[in-house]
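> One structure follows; several queries about it will come next.
The values are calculated or read from the model by the stated rules, or taken from the named source; none is laboratory data. Keep in mind it's a predicted model, so treat the numbers as computed, not measured. No Cβ is skipped: glycine too gets one built from the backbone with ideal geometry, and neighbour counts run over all protein chains shown.
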Amino acid sequence: MTETKLRTAEPTTTRRSPDGREIRGPFDIIGDVHGCAAELIELLGKLGHGVRLVGDGEQRQAVYDGHSSRRLVFVGDFVDRGPRSPDVLRIVMTLVRTGVALAVPGNHDAKFRRWLDGRDVKISHGLEQTVAQMQLEGPVFHEEIRHFLDALPFHLWLDGGGLVVAHAGIQAGMIGTETERTRSFCLFGDTDGGARDPNGISRRFHWAAHYSGSAAIVYGHTPVADVAWVNNTLCIDTGCCFGGILTALQWPERRTLQIPARQTYAKALRPFGHPPVRAI
Ligand code: MN
């Protein structure tokens, strides 16, 4: 028997249920942040959810000064590519802990979570920036992040059942379920399993083109130049880390609020826009 180097990845806490149908809006739903803390702080301020970062080193923390009674919801991908993933995590963790925000994880957060456990993950697609930033942070903060990410549901079913938030989307029949298939779809969307494009990214399909459910689905994951409803679904990842825009969707008004990126933090591997529609 060879000695295993991998630590077992026991969850550190109980994961929250996706069933939040009793939680009513209005909601302000925030797209993929990817370490863009300055743009996030500006957007939150415009939404009446002012937040500041105070202190340095182990004392550094996010302080909430907001006055809005609306609830925030994050579609995930807090980390990678951008300049300040630890500060984005501080902000989101404070907002979730105080009940101001709900959140689901993205595929980047899930991979980062495995890195936090010392697992053998490929340091690519912007994780190299997060790793460099996290190496300046203390062990207590690392541990807090593990607990935070382990408690997030992979999707959130909200507002009497009429709204679902999932990082990469969800299929109608998966809503409210917690199977491995649902988890994978929520993190990665409709993909071709192991098939990779020349950039090492699995081939994706535009699942929303086939969606016919009655609940509105708000998601991120796929950078698009601007938001547009497709079959009662809306992608709000407008590629801030690639020099695009950080978008918030106000629900139920279906109004968007947007902050342009201050700079291009990472080079996009492919043009913005939805992937091809899967033939069925
Ligand atoms: Mn993303």
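> All but one of (1) more than 21 Å from L44 (Cβ to Cβ); (2) of a type in the set (A, V, I, L, M); (3) free of Cβ contacts under 8 Å to residues at least 24 places away in the same chain hold for A209, so report the exception by its number.
A209 satisfies all of (1) more than 21 Å from L44 (Cβ to Cβ); (2) of a type in the set (A, V, I, L, M); (3) free of Cβ contacts under 8 Å to residues at least 24 places away in the same chain except (3).
> Look through segment 80-108, keep the residues that are of a type in the set (S, T, N, Q) and within 23 Å of S69 (Cα to Cα), and return whichever of them is farthest from the ligand (Cβ to nearest atom).
Here the residue is T98.
> Next up: State yes or no: is G239 farther than 30 Å from E22 by Cβ and surrounded by 15 or more Cβ atoms within 10 Å (Cβ to Cβ)?
Considered against the rule, which asks whether it is farther than 30 Å from E22 by Cβ and surrounded by 15 or more Cβ atoms within 10 Å (Cβ to Cβ), G239 comes out as yes.
> Of the numbered conditions (1) farther than 23 Å from C240 by Cβ; (2) within 16 Å of the ligand (Cβ to nearest atom), Q135 fails exactly one; give the number of that condition.
Among (1) farther than 23 Å from C240 by Cβ; (2) within 16 Å of the ligand (Cβ to nearest atom), Q135 violates only (2).
> Let me confirm something: among A248, A225, which residue is part of a strand (DSSP E or B), within 16 Å of the ligand (Cβ to nearest atom) and among the small types (G, A, S)?
A248
> Quick check on my filter: what residues within segment 251-274 are of a type in the set (V, I, T) and part of a loop (DSSP other than H, G, I, E, B)?
Passing the criteria: only T264.
> Same structure again: Residues in segment 100-119 that are assigned to a helix (DSSP H, G or I) and either out of contact with any helix residue (DSSP H, G or I) (no Cβ under 9 Å at 6 or more places or on another chain) or of a type in the set (A, V, I, L, M, F, W, C) (or both): how many?
So the count comes out to 5.
> Go through (1) within 14 Å of the ligand (Cβ to nearest atom); (2) touching a Pro at 6+ places or on another chain (Cβ under 8 Å); (3) not polar (S, T, N, Q) one by one and return the number of the condition A166 breaks.
Unmet for A166, out of (1) within 14 Å of the ligand (Cβ to nearest atom); (2) touching a Pro at 6+ places or on another chain (Cβ under 8 Å); (3) not polar (S, T, N, Q): (2).
> Report every pair of residues separated by at least 6 positions or lying on different chains whose Cβ atoms are under 6 Å apart, first residue within segment 112-135 and more than 14 Å from S85 (Cα to Cα), second among the aromatic types (F, W, Y) and surrounded by 17 or more Cβ atoms within 10 Å (Cβ to Cβ).
What qualifies is V121/W115.
> Follow-up. Tally up the residues in segment 28-74 that are aromatic (F, W, Y) and without any contact (Cβ under 8 Å) to a residue 40 or more places away in the chain, please.
Summing the residues that are aromatic (F, W, Y) and without any contact (Cβ under 8 Å) to a residue 40 or more places away in the chain in segment 28-74 gives 1.
> Further question: Identify all residues within segment 166-192 that are among the aliphatic types (A, V, I, L, M) and within 19 Å of R113 (Cβ to Cβ); write none if there are none. Break it down stepwise before answering.
Here is the first cut: in segment 166-192, the residues among the aliphatic types (A, V, I, L, M) are 166, 168, 170, 172, 174-175, 187.
A166, A168, L187, listed by residue number.
> Taking the criterion of being more than 12 Å from the ligand (Cβ to nearest atom), within 16 Å of V75 (Cα to Cα), in contact (Cβ under 8 Å) with a residue 60 or more places away in the chain and not in a loop (DSSP other than H, G, I, E, B), would at least one residue in segment 235-245 satisfy it?
No, segment 235-245 has no match at all.
> State yes or no: is G35 buried (at least 21 other Cβ atoms within 10 Å of the Cβ), within 16 Å of the ligand (Cβ to nearest atom) and on the phi > 0 side of the Ramachandran plot?
Criteria met by G35.
> Whether any residue in segment 125-136 is over 22 Å from A38 (Cβ atoms) and not small (G, A, S) is what I want to check.
Taking segment 125-136 first, the residues over 22 Å from A38 (Cβ atoms) are none.
No - not one qualifying residue is present in segment 125-136.
> Given the conditions (1) within 16 Å of the ligand (Cβ to nearest atom); (2) buried (at least 21 other Cβ atoms within 10 Å of the Cβ), which single one is not true for H49?
(1)
> Checking the condition of a type in the set (A, V, I, L, M), modelled with pLDDT of 95 or more and over 23 Å from V63 (Cβ atoms), which residue from L116, L149 passes? Lay out the reasoning, then the answer.
On the way: L149 fails: over 23 Å from V63 (Cβ atoms).
Step by step, each of L116, L149 is checked, and only L116 is of a type in the set (A, V, I, L, M), modelled with pLDDT of 95 or more and over 23 Å from V63 (Cβ atoms).
> A further question on this structure: Being aromatic (F, W, Y) and over 17 Å from the mean Cα position of the chain (by Cα): is that true of F141 here? Walk me through it before giving the result.
Values: aromatic (F, W, Y): yes; over 17 Å from the mean Cα position of the chain (by Cα): yes.
Against the criterion (aromatic (F, W, Y) and over 17 Å from the mean Cα position of the chain (by Cα)), F141 qualifies.
> May I ask you to say which residue of L269, L187 is within 16 Å of the ligand (Cβ to nearest atom), among the hydrophobic types (A, V, I, L, M, F, W, C) and over 17 Å from G106 (Cα atoms)? It would help to see each step written out before you state the result.
Details: L187 fails: over 17 Å from G106 (Cα atoms).
Result: L269 is the single residue among L269, L187 that is within 16 Å of the ligand (Cβ to nearest atom), among the hydrophobic types (A, V, I, L, M, F, W, C) and over 17 Å from G106 (Cα atoms).
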